[in-house]
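Notes to accompany the following structure.
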Amino acid sequence: MANVRNPIFSLILTMTAAAGLSVLLSIPVFLFPLLGLPYLELQVFCLAFAAFGVGMIAGRASFLGSMGFAGALIGGFAGFLLFQWIFRPTGWLLWPSGWEFLLALGLAGLCGVGGLSTGKLGVRRVERAIQELPELRRCQRCGTRVGLSARRCWSCKAYLPPI
């Protein structure tokens, strides 16, 4: 039978994955000026695709699309802002001054949309786990099959243990 996790744990897992992956996938953008691609627009364009991919990967940990969106949005915002604050003091100006929060929020929004797109796939896992549950159970006294919500056996009238 498939495991069903706590929804709060899946939200925290989604936020953590989005924050960690957004920092890791932002590092190649740090290398763009060294490769001869100094254009800010190209950096933001490539980082937008990376943000959507981060959200898709992080959203797989959530059960619902709304949780995937919320977790990837919060985690992506924290990760992109952390990345900018780490590399900002070294004199490397990836973003123009004053755009840190705005760009982090925009990239986190793209990350959240990626989490929304794959978070809905988690509902299928829950539905599959519900389908694998037994639909009938047996009376311990006479062995007759009874329904899941039955309190007494219909054959021998014995009380059934709660599920």
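Using mean Cβ contacts within 10 Å as the protection proxy, how do 62-74, 8-20 order, highest first?
Descending mean neighbour count gives 62-74, 8-20.
Scan around residue 146 for amide H atoms under 5 Å from its own, H built in the peptide plane at 1.01 Å from N, and keep only partners 5 or more places away or cross-chain.
HN-HN under 5 Å from residue 146: 137, 138, 139.
Assuming a viscosity of 0.890 mPa s and a temperature of 25 °C, what translational diffusion coefficient in µm² per second does Stokes-Einstein assign to the stretch 38-83, Rh being the Kirkwood radius over Cα pairs?
The calculation lands on 218 µm²/s.
If amide hydrogens are placed 1.01 Å from N in the peptide plane, which non-local residues have theirs closer than 5 Å to the one on residue 160?
Counting only residues 5 or more places away or on other chains, the set is 152, 153.
Using every pair of alpha-carbon atoms in the stretch 2-86, split the distances into 5 Å bins beginning at 0 and state the percent of pairs per bin, rounded to integers.
The distribution over the stretch 2-86 is 3, 17, 24, 20, 14, 10, 6, 4, 2, 1, given as percents.
Each value in this text was obtained by applying a stated rule to the coordinates, not by laboratory testing. From a predicted model like this one, the values you see are computed outputs, not experimental measurements. FYI the Cβ positions are ideal-geometry reconstructions off the backbone, even for glycines, and counts take in every protein chain you see.
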